[in-house]
């Protein structure tokens, strides 16, 4: 019995030792550590600002005016982590999506050219389906129900994605609510899970990128992180990342 108790104590201490500190990706004051891209290639334009310790997309643009899609990207690459942040929608929408649902997203494991829709894996942020899994010029698998659309942890494993395609694998039932919403993306190797407001809503399994040199699909295990602004006012705050032990 004493040996068993000692085993549990040592196991507990080992687990505690595996927990690494959480690092802010956004300091609440400015966009240090990030840089911006936009469809109109105007890095000097103010498509992102900081308000009340939150990143504010389209802070000064007039509602219903025509605006390009834009994004901010981390300067560093990351692998094996827990990414957490909160988002909420603003009131303004912009052409050409002024009559569409509000849309944004977080793209991670970015590789290749840094453009508005870079190669990588996206956790969709959109009214009614935040947590959808999109594959951008990459490949991954997920589990879907009998209809072949909605994510199901016990569902059938399907694979989608090619080097020149942009495709959605699995949709989710919306767990979004009014006001601030919590997003958590856990990445372990080339597998990821999406959580919206504490609910597991999707997962990307065996994420891969196409390597032109070897002409083969290789594990996609690291990359930069991007937050989108796609024609809707949106706020991001409390953006943190926590390393996971390999």
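Using only Cα atoms, tell me the angle between helix 2-18 and the longest principal axis of the chain; keep it within 0 to 90° and round to the nearest 10.
20 degrees
Tell me the label only: which of (1) 19.5, 74; (2) 18.5, 57; (3) 19.1, 71 is Rg and Dmax of the Cα atoms in Å as calculated from this structure?
Answer label, from the structure shown: (3).
Can you put 168, 209, 102 in order, fewest other beta carbons within 10 Å first?
168, 102, 209
How much length is gained on full extension from residue 51 to residue 91, taking 0.36 nm per residue of separation minus their Cα-Cα distance?
That works out to 12.9 nm of additional length.
I'd like the FRET efficiency for residue 214 and residue 40, computed as 1/(1 + (r/R0)^6) with the beta carbon distance as r and R0 of 41 Å, rounded to 0.05.
Calculated value: 0.70.
If R₀ is 45 angstrom, what is the calculated FRET efficiency for the pair residue 238 and residue 158, using the beta carbon separation as r and rounding to 0.05?
About 0.85, to the nearest 0.05.
So how do 109, 56 line up by other beta-carbon neighbours within 10 Å, fewest first?
56, 109
Stretched out fully, how many nm does the piece from residue 62 to residue 174 gain, at 0.36 nm a residue minus the Cα gap?
Taking residue 62 through residue 174 to full extension adds about 37.4 nm, to one decimal.
Hey, what did the chain get for relative contact order, percent, Cα under 8 Å, at least 6 apart?
Once divided by the residue count of the chain, the mean separation gives 28 percent.
In Å, what Rg and Dmax follow from the Cα atoms of the stretch 130-246?
So, for the stretch 130-246, Rg and Dmax equal 15.0, 47 Å respectively.
Among 95, 54, 192, which one moves the most in a GNM of the chain with springs linking Cα atoms closer than 10 Å?
Greatest mean-square fluctuation among the candidates belongs to 95.
Select from 33, 120, 223 the residue whose mean-square fluctuation is largest in a Gaussian network model of the chain (Cα-Cα springs shorter than 10 Å).
Judging by the Gaussian network model, the answer is 33.
Once you've got the GNM for the chain with C-alpha springs shorter than 10 Å, pick whichever of 228, 124, 39 has the biggest mean-square fluctuation.
Of 228, 124, 39, the Gaussian network model singles out 39 as fluctuating most.
If you average the sequence gap of Cα pairs under 8 Å that are 6 or more apart and divide by the length of the stretch 96-155, what percent do you get for the contact order?
The value is 22 percent.
When the Cα centres of the stretch 58-122 and the stretch 229-243 are compared, how far apart do they sit, in Å?
Taking the Cα centre of the stretch 229-243 as reference, the centre of the stretch 58-122 is 8 Å away.
Here, each number is a calculation from the coordinates, and none is a lab measurement. Bear in mind that the values here come from a model prediction, so they are computed numbers and not experimental data. Methodologically, a virtual Cβ is constructed for each residue, glycine included, from the backbone with ideal geometry; neighbour enumeration extends over all protein chains shown.
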